[in-house]
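Structure first, then comments.
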Amino acid sequence: MKSLIIAEKPSVATDLARALGKVPKKGEHYENEDYVISSAVGHIVELQMPEDIDKKKYGFWRLDALPIIPEKFQLKPVESSKDRFDQLKKLLARKDIELVINACDAGREGELIFTYIYQLTKSKLPVKRAWMQTMTQEGIREAFQNLRDGAKMRGLADAARCRSESDWLIGINGTRALTKRMFGSRAGNVASVGRVQTPTLAIVYARELEIRNFKPRGYWRITAEFEVCKGIYEGVYQKPGFKKSEDDEHDRVDRIWDKAAAEAVHAACSGHPMAAVTEEKKASKQASPRLYDLTTLQREVNNRFGLSARRTSQIAQALYERHKMITYPRTDSRALPEDYIPTCRQALLNLRGDLAVHANKVLEEQWLGPDKRIFNNAQISDHFAIIPTVEEPKPLEDMEAKVYDMIARRFVAVFHPSAEFDITTRMSTVAGHAFKTEGKVLTFPGWLAVYGKTGTDDDNPDARTLPALDKQDGSPAQAKTLEAQLHEEATRPPPRYTEATLLSAMEGAGKLVEDEEMAEAMKERGLGTPATRADTIDGLINTRYVERQQRELVPTPKAEQILQFLAAVKADVITSPDMTGEWEFKLRQMEHGKFPREKFMAEVVKTTKGIVEGVKSYEEDDSAARETDIISPTDGKPLVETLRGYKSKDGELMIYKVIGNRKMAESEVKDLLSLGQIGPLDGFRSKKGKPFSAVLKYNTEEKKAEFVFDGQRDASGAIKIDFTGLQPIAEAPTPKFPAGSQIYETPQSFVVRSVVGEEDKVLVRCSKRILSRDIPLEQFMKMLQTGKTDLLEKFWSQRTRRPFSAFLVLKEDMTTGFEFMPRAPKDPNAPARGKKPKKKAPEALQG
């Protein structure tokens, strides 16, 4: 009799076969006298969709069919991997298999993959669990020597199923209900919502509202330069008796809100008066940062290298699974087991390069030992912090090497003693007004030595900016005030979220928490898990709710529309980070058998029904809607502004506020209806997220706004334009173009057309607006004559969101493109700089 081992991926099955006695391959699986080893390919079983349950009832998205609450969730194989499911089903049914071992990834999703396979195949075999913390051969063998009883994994399996089923209930019902109420039958418009996705979006949108509604307040700061015998230093004015206000987050000890008061202080400090100087020195210590969990690693990699959370997760998974060089990365713990000291010793001995020097010092100085900040069983659950394994380091790709170095360097640093500083606080009092100067000197590098800090002056630029007091300065010491400066400044809005700060906000259920201990206490109520947060952020981008603008995450008009509608139907529960954080906390309790699955699902069903009921019963009160000055062509009366758009009082016309994921200005709607056509307008986005410019036309028959495109290509690749009603504006230059070729101007383009007998061809088409810049007719004409325009400024790159200058050129195939000014030759006397990544050219133009 044999044991069937099911891994999550084929590559893991190969590693298991190698570690468990070189089990030979036999067809699609591995097999010897003890084991049969096979794998899934990620998720190969999924929940049935509504159409699978009842195609007639649920096949069309109808409000009256909602909510959809299955009595029992049914499963089906994922269509693309049905063959793999059938293979596993046959293996589970073999007569010589007496035990099945779940060797999927050691987490909630790995448990779900196995549980769904086991459930759909209706297997009755006893189950054991291989819980692998590392993918080294030693780690695999250790996991199989300590197999867990499958019954003890019930809590984790329940939490995994609850996560999947709750996402289904809220995602399916919420998305269908909102889509039907918001967009009706408008093709391609889906109002996607989700248990974690929507509250995360609400966090991003709330920050955008803060920025949008922010009103800057002016304030004044005063700085002064002081001179003592050994040099010059700068001080910053400090308000007397300052206490931090809980009501004013912008108040600071150096900010003066009253201009007259600031000018009075400045005047008193001008004219080179002497300042009384006192200073206080104190020693300070800074402990090393704690070991990485996945969210902290994603956050710091995003800050340092700009990688997305998803990309960091992929790199970490490769370091764990393929290279075997780090422990399991999808963890939320920053501590290690208390019996892990011997393993850490071996891991330190295996490090190479400059890290080996610091690792050896840890061992020589006997800094490796019991420390509750590092080794703490109370702070680990099923996984512990990410650290290097005992495997020999091997060559890695560039970014893999950088992420591994961060993990290994943090691991070595955590065993080093605290860094020590001398902090000098100097107060210079001029005419009764105090100015503060701080100097910070690294006296003992401690863990900072691992990061190249030595305590020399090169590491301490602040040490040189604060000249020491000398006995010649008097007793008590005095300094001469060289100059006082008054600075007029203003408060700034909070910054937009980056992936790094959004991950922090998700971990704290919407609260940005800097303190490590408080963050640790709150993370159990975070949004999602370390393993799913990256996918959530990617999901927001893929559904066009959020755009990346360099490193910033910016909500789109579609996101604003969805969240405003959810607020109108009082579906706050699905937008509340606190509520979703509480659900995540209950799922974590469930993993450890402390919260019943039935109670959790009852709460989710109740919430789902509430969302659907709120959407179905919501009626816009047109009588309370704001009346605009836009006259409707259907009834001659002013349109009213509703939540979704601008609506005629006779109900015949609705111009939506968001068209092509672009928010329409009220003035644009007015021009559209009065002129019949506007544009080309920038800022539209395709379903794939690509930006485009377009003309909008009011369709009088169907009473709606629609795009007008010219220059579409047919199946043969020829450009097709309707020239009906258009007159040529000039002759095309010869001999570049056939005699008789003419230039036309359409609403969107400049075109060169050639008609020879029966043949009617568009030879050149150039958009009148490219990357937010208008192309003048005379520049198009110059391009036809000379091959390129003058140097044109203020094109806006869609990738970098920055302006650039370029020539517009006519290429040999008669399409248009960019040509750039040659770079100035490098100054041979200029100081050497580190290499920077090559800049990509702005987007190429389509002809």
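Observations
- Assuming charge only on the beta carbon of Lys and Arg (+1) and of Asp and Glu (-1), the dipole of the stretch 293-396 about its Cα centre is about 440 debye to the nearest 20.
- Charge dipole of the chain (Cα centre as origin; +1 on each Lys and Arg Cβ, -1 on each Asp and Glu Cβ, all else neutral): 1640 debye, rounded to the nearest 20.
- MRE, 222 nm, helices only [DSSP H, n ≥ 4, -39500 (n - 2.57), over the chain, to nearest 500]: -10000 deg cm²/dmol
- Spacing of the modelled spin labels on E71 and K440, each 7 Å from Cα toward Cβ, amounts to 6.5 nm.
- Under the Karplus curve 6.51 cos²θ - 1.76 cosθ + 1.60, θ = phi - 60°, whole-Hz ³J(HN,Hα) for the stretch 218-232, x wherever Gly or Pro sits: x, 8, 10, 10, 10, 10, 9, 9, 10, 10, 10, 4, 9, x, 10
- Charge-dipole axis of the stretch 140-257 as Lys and Arg at +1 and Asp and Glu at -1 on Cβ define it, positive-most pick from P240, A160, T198: A160
- Amide H contacts for V658 (H built 1.01 Å from N in the peptide plane; partners 5 or more residues away or on another chain; cut-off under 5 Å): M664.
- Stokes-Einstein D for the stretch 745-827, Kirkwood Rh over Cα pairs, 10 °C, 1.306 mPa s (µm²/s): 112 µm²/s
- Efficiency of FRET from Cβ geometry, I341 and D470, R₀ 60 Å, rounded to 0.05: 0.75
- Based on C-alpha pairs under 8 angstrom that are at least 6 apart in sequence, the stretch 660-815 has a relative contact order of 12 percent.
- Cα convex hull volume per residue for the stretch 681-814 (Å³): 148 Å³
- With 28 Å as the limit, the listed pairs K670/K720; K511/K586; K26/K72; K26/K324; K55/K647; K25/K324 have K670/K720; K26/K72; K55/K647 beyond it between alpha carbons.
- Extension gain for K570-F707 works out to 46.0 nm (0.36 nm per residue, less the C-alpha to C-alpha distance).
- The dipole here belongs to the stretch 563-719: it is taken about the Cα centre, uses +1 on the Cβ of Lys and Arg and -1 on the Cβ of Asp and Glu, and is about 740 debye.
- Label zone of T491 (point 7 Å out along Cα→Cβ, amide N under 11 Å): in the stretch 206-226 this covers 214-219.
- Simple label model, 7 Å out from Cα along Cβ direction - A283 to A401, nm: 4.0 nm
- Annotation for the stretch 317-337 versus the stretch 377-446: alpha-carbon center distance of 21 Å.
- Under 5 Å from the amide H of R769 lie the amide H atoms of I775, each residue being 5 or more positions distant or on a separate chain, with H modelled from the backbone and absent for Pro and chain starts.
- Burial ranking of peptide ranges 115-124, 355-364, 330-339 (average Cβ count within 10 Å, highest at the top): 330-339, 115-124, 355-364
- Projecting the Cα atoms of T642, G757, I170 onto the charge dipole of the chain (Cβ charges, centred on the Cα centre) puts G757 farthest toward the positive pole.
- Computed E for H272/E246 - FRET, C-beta separation, R0 30 angstrom, nearest 0.05: 0.15
- In range of the label at Q48: residues from the stretch 65-98 whose backbone nitrogen is under 17 Å from the point 7 Å along Cα→Cβ: 68-79
- Radius of gyration and Dmax over the Cα atoms of the stretch 1-117, both given in Å: 17.6, 59
- Square roots of 5 times each gyration tensor eigenvalue, C-alpha, the stretch 582-689, largest first, Å: 44, 20, 9
- Inter-part distance, the stretch 247-301 to the stretch 197-231, computed on C-alpha centroids, equals 13 Å.
- Over the stretch 556-628, all Cα pairs binned in 5 Å intervals from 0 give whole-percent P(r) values of 3, 13, 17, 19, 16, 11, 9, 6, 3, 2, 1, 0, listed from short to long.
- Here the extension length gained between K736 and E33 equals 245.2 nm, from 0.36 nm per residue of separation less the Cα-Cα distance.
- With a simple spin-label model that places each label point 7 Å from the Cα along the Cα-to-Cβ direction, the separation between Q727 and S805 comes to 3.8 nm.
- Cβ-defined net charge surrounding D96, 15 Å radius [Lys, Arg +1; Asp, Glu -1]: +1
- Phi-based couplings in Hz for the stretch 273-281 (Karplus 6.51, -1.76, 1.60; Gly and Pro marked x): x, 7, 10, 7, 10, 10, 8, 10, 10
- Here the 3J(HN,Hα) profile of the stretch 39-55, calculated from phi with Karplus coefficients 6.51, -1.76 and 1.60 at θ = phi - 60°, is 7, 7, 10, x, 6, 10, 10, 9, 5, 5, 7, x, 5, 6, 6, 7, 5 Hz, Gly and Pro shown as x.
- Each distinct pair of alpha carbons in the chain adds a 1/r term; the inverse of their mean, the Kirkwood radius, is 32.7 Å.
- Cβ-Cβ FRET estimate between H592 and R304, R0 fixed at 30 Å, reported to 0.05: 0.30
- Contour minus Cα-Cα distance for E234 and N213 (0.36 nm per residue): 4.0 nm
- For the stretch 478-619: relative contact order, % (alpha-carbon pairs under 8 angstrom, 6 or more apart): 21 percent
- Among 586-599, 29-42, the order from most to least packed when residues are scored by Cβ within 10 Å on average: 29-42, 586-599
- With Rh defined as the Kirkwood radius, the inverse of the mean 1/r over Cα pairs, the Rg/Rh of the stretch 197-336 is 1.16.
- Normalised contact order of the chain, rounded percent, pairs of Cα under 8 Å and 6 or more residues apart: 11 percent
Computed from the coordinates by the stated procedures, all read-outs in this text should not be read as laboratory data. Being a predicted model, the structure only gives us computed values, none of them experimental. Positions of Cβ are generated from backbone atoms using ideal geometry, with glycine treated the same way; all protein chains shown enter the neighbour counts.
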